[in-house]
Structures are given as structure tokens and as C-alpha cells.
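Notes for the one structure printed next.
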Amino acid sequence: VVHMSSPAVARAAGIETVYQDLALFDNLDATANFFAGREEAGPGWLPRGLRWMRGKDMTQRSRELVGRLKINLPEKASSVGMMSGGQRQAIAVARASAFASRVVILDEPTAALGLRESRQVLDLILRMRDEGCAVIVISHAMDHVMEVADRAMVMRRGRVVGEEIPRPENRTRLVSLIVGGDD
């Protein structure tokens with residue numbers, strides 16, 4: 001058992017989280033959101049307060065990440081507030097995957113998204129998994145769980161009430177665990 005005393009400690013351990021509210025800055029573009037709070041500055045020999053942001057480096061790195069994860073975003077300068085829900089979710093997930101070295105935790109990643117946008121987010125989750133990143137998805141969307149999860153754990157009131165491999169033959173059991181019919 002590992003105890004994480006703060007989000008900063010978890011981040012230092014390679015764990016990133018995408019919360020349901022996404023925690024994005026609507027007035028900033030995708031690159032600024034990727035690096036918010038982690039801006040790259042230099043040169044290293046200058047004291048911290050005198051360094052300047054490496055905008056070109058950050059832009060290049062965010063473009064590489066967006067390309068690798070096959071995310072479709074509007075023009076570079078578009079503020080996140082002008083993007084669709086799926087694009088905003090993709091930015092939040094990509095930001096987490098850029099800095100996570102071990103685990104990405106996604107809280108209801110497809111909530112309030114349309115069918116096409118949900119598809120984009122699910123594809124992004126599968127790509128992250130294929131790249132070797134452990135992904136924990138917290139979701140009530142059973143179809144999405146069945147598609148992307150290798151294992152499903154059901155919790156109720158903070159306790160694990162069951163675990164199944166998400167396969168069609170286990171679907172009824174998983175639903176029963178979720179609604180409380182099988183204690």
C-alpha cells in the first residue's frame with residue numbers, strides 16, 4: 001500500500017488524473033493548457049524569476065503529442081472555450097498522458113459527450129493503453145467499460161463489492177453489482 005499525501009506527490013510518482021470537470025482554462029489554447037503549471041523556462045543558469053518561457057519548445061511538444069495520440073483540434077490559436085466537449089476532453093486526457101509515466105486516472109471521461117465525441121475519447125484511451133500507460137477509468141457507461149477495460153471493479157459506498165472481466169457473458173453480473181442486487 002502506498003500513501004499519497006497530495007496531488008503533487010502523486011504527480012511526482014507518475015500518476016495523473018483527469019477530473020470530470022476537466023480543469024482547463026477556457027481562455028487559453030491547447031498548448032497553454034498542456035503546460036499550465038509546468039511551463040518550460042530557460043536558460044537554466046538564470047535565477048527562476050528571470051527565465052523566459054520556451055514557447056516554441058512547448059508548442060512543438062504539444063503538436064507531437066496531439067499527432068501521436070491522433071487528436072483532431074482546430075487551429076493552434078483557438079481558445080479551449082471555443083472547442084467541442086470531445087476536443088476539450090481530448091486535451092485534458094492528452095495533458096495527463098504527456099506527464100504520466102505510470103498511471104492515468106479518468107473520472108467519467110465520456111460523461112456529457114455525444115456519440116462521436118465519446119468515440120474519440122475511447123479511441124484515445126485505447127491508444128494510451130497500447131502505448132503502455134496504465135489507465136484507470138471511473139465510469140457508469142457500461143458499454144464503454146466493456147470496450148476499453150481489461151478488468152472491472154465495482155465499488156459501492158467506498159468498498160469493492162465485486163470484480164469481473166468485462167465480457168458479454170459477465171455483463172448481467174456487473175450490472176447487478178452496480179445496482180446493488182448482489183451483496
Worksheet item: Any idea what log10 I(q)/I(0) is at q = 0.14, 0.17, 0.18 Å⁻¹ for the stretch 81-183, Debye with uniform C-alpha scatterers and no solvent?
Response: -0.57, -0.81, -0.89
Response to the item:
For the chain, the per residue accessible area (1.4 Å probe, Å²) is 62
Item to complete: Express the carbon and sulfur contribution to the solvent-accessible surface of the stretch 46-131 as a percent, rounded to the nearest whole number, probe 1.4 angstrom.
Response: 51
Fill in: Solvent-accessible area of Ile105 with every protein chain in place, 1.4 Å probe, in Å² to the nearest 10
40
Response to the item:
Sorting Ala111, Val154, Leu22 by the position of each Cα along the dipole of the chain (Lys, Arg +1; Asp, Glu -1; all at Cβ), the one nearest the positive end of that ordering is Leu22
Item to complete: Would you work out the charge dipole size for the chain about its Cα centre, treating the Cβ of every Lys and Arg as +1 and the Cβ of every Asp and Glu as -1, and quote it to the nearest 20 debye?
Response: 540
Worksheet item: What accessible area, in Å² to the nearest ten, does a 1.4 Å probe give for Val135?
Response: 40
Fill in: Exposure of Met155 as accessible area (Å², to 10), given a probe of 1.4 Å and all protein chains
120
Worksheet, complete the sentence: Among GluC sites (Glu not before Pro) in the stretch 95-154, those in a DSSP loop whose Cβ has at most 12 other Cβ atoms within 10 Å are Glu131
Item to complete: Could you grab the relative contact order for the chain? Cα pairs under 8 Å, six or more apart, rounded to a whole percent.
Response: 21
Worksheet item: What is the magnitude of the charge dipole of the stretch 110-157 about its Cα centre, with +1 placed on the Cβ of each Lys and Arg, -1 on the Cβ of each Asp and Glu, and no other charges, expressed in debye to the nearest 20?
Response: 260
Worksheet item: When all C-alpha to C-alpha distances in the stretch 30-133 are sorted into bins of 5 Å, what percent of pairs does each bin hold, rounded to whole numbers?
Response: 2, 12, 22, 22, 19, 11, 7, 4, 2, 0
Item to complete: Treating only the Cβ atoms of Lys and Arg (+1) and Asp and Glu (-1) as charged, compute the dipole magnitude of the stretch 1-75 about its Cα centre; round to the nearest 20 debye.
Response: 340
Worksheet, complete the sentence: The distance between the Cα centres of the stretch 61-124 and the stretch 146-182, in whole Å, is 26
Worksheet item: Taking amide hydrogens as modeled 1.01 Å from N in the peptide plane, which residues meet the under 5 Å criterion relative to Val161, leaving out close sequence neighbours?
Response: Val154, Met155, Arg156
Worksheet item: Which value results when the Cα radius of gyration for the chain is divided by 2.2 N^0.38 Å?
Response: 1.16
Practice prompt. Please report the relative contact order for the stretch 76-172, taking Cα pairs under 8 Å with a sequence separation of at least 6, and give it as a percent rounded to a whole number.
Written response: 22
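The values are calculated or read from the model by the stated rules, or taken from the named source; none is laboratory data. Quick caveat, the model's predicted, so the values are computed rather than measured. We place every Cβ from the backbone using ideal geometry, glycine too, and count neighbours over all the protein chains shown. Please note that ligands, DNA and RNA were not included when accessible areas were found on the heavy atoms of the full protein model with its side chains. Shrake-Rupley method; radii C 1.70, N 1.55, O 1.52, S 1.80 Å.
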